[in-house]
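Have a look at the structure below before the remarks.
Derivation of every value follows stated rules applied to the coordinates shown; laboratory data play no part. Owing to the predicted nature of the structure, the values given are computational and were not obtained by experimental measurement. Here the Cβ positions follow ideal geometry from the backbone for every residue, glycine too, while neighbour counts run over all protein chains shown.
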Amino acid sequence: MDFGFTQEQQALIERVTTLATERMAPRAAQYDADFAMPVEDLQDIHREGWLVANLDKKRGGLGFGLYGDDPLSFFLIDEHLAYGNPSTAHCFQVHNNGLMMIDAMASDAQVAKWIEPTIKRGALIPGAGAEPYGVPPTSAKKVSGGYLISGTKHYATNASMAEWLWIGRIASDSHPKPIMVMLPKDTPGLTIDSDAWRPTGMRACVSPWLYLKDCFVPEENLLGQPGQFLDENWMGKINFAFTANYLGSARAMYDWAIGYIRERGGAKDSHRQLRFGELKSLLDAARLVLYTAVRMFKNDPTQAMIAAHEAKWMAKEMLGKMMWSTAEICGSTALFVKHPLERLYRDMHLHMMHGRHDIAAQIVGAAELGEQYDTNRNH
Ligand SMILES: Cc1cc2nc3c(=O)[nH]c(=O)nc-3n(C[C@H](O)[C@H](O)[C@H](O)COP(=O)(O)OP(=O)(O)OC[C@H]3O[C@@H](n4cnc5c(N)ncnc54)[C@H](O)[C@@H]3O)c2cc1C
């Protein structure tokens, strides 16, 4: 399938694929077994310069991401890293989504301060917005020179390798809309609990629970304007990269299954041919919808946001079919721990539960019917 990549994008894909298949994929089983961050993968990504993928070129970045000169390249890196290890790709995308937001909202001095540990030491930026069911909402109390912040966040991917943490969705007593802050990791009152991360899959994108108790944040570490996260549809924007991860991971399952069946002499079986034909068609269609949504963003961001929800819904539907059909084609032995398919299954079963599947389709349907929709909708 010709997806219309530029020569530069094609060269980038080849670089990422080499790294993902030769270095990251062979390490993935151990990181999974250890529930450990893929440190060596992230060092490789740092060496390649991809930890500043979504920083403006004028600020020393590569100029990728939705507002960059080449929006698609961020998602192509994400997708092709996921081919080697979906957890590594998730760490990369959360960091670069955070960076994309900081780049769009912060002053030059703030960006320089918050990005320095990344440039010097490969530190990662977490995006801690989600909160566990039943906890009091994270809140900020105005005090002299800043805020005292208390609350609980969960799924804070990258927090264990961060020096600055992005904390969002904070209700404050001094602004009518929620605020966002950047918090240094050694702030008194902050506890980062990495041991809470014991999921079935995606074990290597360690995503701690954060406990904040009267953490002082000076005014200068406030990010953007109150309400800017929802007003500018960032909830919807960060979803593009989840889709890219699903696509790369699905392709890894698909290619592995093709090799397994050829090796076992099953390629001439017409039922298997049919299943692979179905999967290839779904995979290519899902890729095309995401690439198109990203390409639309510059000229028509409103329609692009709807298309992005189509893309995520479509990718998850495709992923479900990929999991069932590769098992049907290959058989149960393919799901033994010695094969990468077993880990990819667990990874994607968890990762596809990143919420909003029905919500994504509802947004698209409401837009089609000419009804009100909200691309930030979370619940
Ligand atoms: C691998 C991974 C990494 C993540 N990383 C981050 C991160 O870095 N930062 C961050 O902030 N969050 C992150 N998330 C967390 C994510 O944003 C969600 O908060 C989390 O997945 C919610 O899990 P839950 O069990 O609390 O689901 P709930 O929020 O309790 O939802 C339960 C189910 O109900 C569905 N649902 C909810 N409301 C509706 C509705 N109105 N209509 C239909 N269905 C509905 C949801 O889609 C979900 O399937 C990550 C999630 C995963 C899986």
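Looking only at residues in region 140-159 that are away from the ligand (no atom under 12 Å from the Cβ), surrounded by fewer than 19 Cβ atoms within 10 Å (Cβ to Cβ) and of a type outside the set (Val, Ile, Thr), which one is farthest from the chain's Cα centre (by Cα)? Looking at the filtered set, the residue picked out is 144. Cβ-Cβ contacts under 8 Å between residues 6 or more apart (or on different chains), taken from a first residue in region 112-139 that is within 15 Å of residue 166 (Cα to Cα) and within 16 Å of the ligand (Cβ to nearest atom) to a second residue that is assigned to a loop (DSSP other than H, G, I, E, B) and of a type in the set (D, E, K, R), are listed as 123/163; 138/131.
In the condition set (1) in contact with a Phe, Trp or Tyr (Cβ under 7 Å, 6 or more places away or on another chain); (2) closer than 19 Å to residue 247 by Cα; (3) in contact (Cβ under 8 Å) with a residue 60 or more places away in the chain, residue 343 is compliant with all but (1).
Let me confirm something: among 305, 314, which residue is farther than 26 Å from residue 205 by Cα, more than 14 Å from the ligand (Cβ to nearest atom), within 17 Å of the chain's Cα centre (by Cα) and assigned to a helix (DSSP H, G or I)?
Values: 314 fails: farther than 26 Å from residue 205 by Cα.
The conditions single out 305.
The residues of region 341-371 that are touching a Gly at 6+ places or on another chain (Cβ under 8 Å), near the ligand (Cβ under 9 Å from one of its atoms) and among the charged types (D, E, K, R) amount to a single one, 347.
Counting the residues of region 330-379 that are under 14 Å from residue 253 (Cα atoms) and assigned to a helix (DSSP H, G or I) gives 13.
Candidates in region 166-198 are the residues that are crowded, with 18+ Cβ neighbours inside 10 Å and part of a loop (DSSP other than H, G, I, E, B); of these, the one that is farthest from the ligand (Cβ to nearest atom) is 178. State which residue is farthest from residue 65 (Cα to Cα) when the search covers only region 277-288 and only residues that are surrounded by fewer than 21 Cβ atoms within 10 Å (Cβ to Cβ) and free of Cβ contacts under 8 Å to residues at least 40 places away in the same chain. Per the criteria, the residue is 277.
In the condition set (1) over 30 Å from residue 203 (Cα atoms); (2) more than 21 Å from the chain's Cα centre (by Cα), residue 104 is compliant with all but (2).
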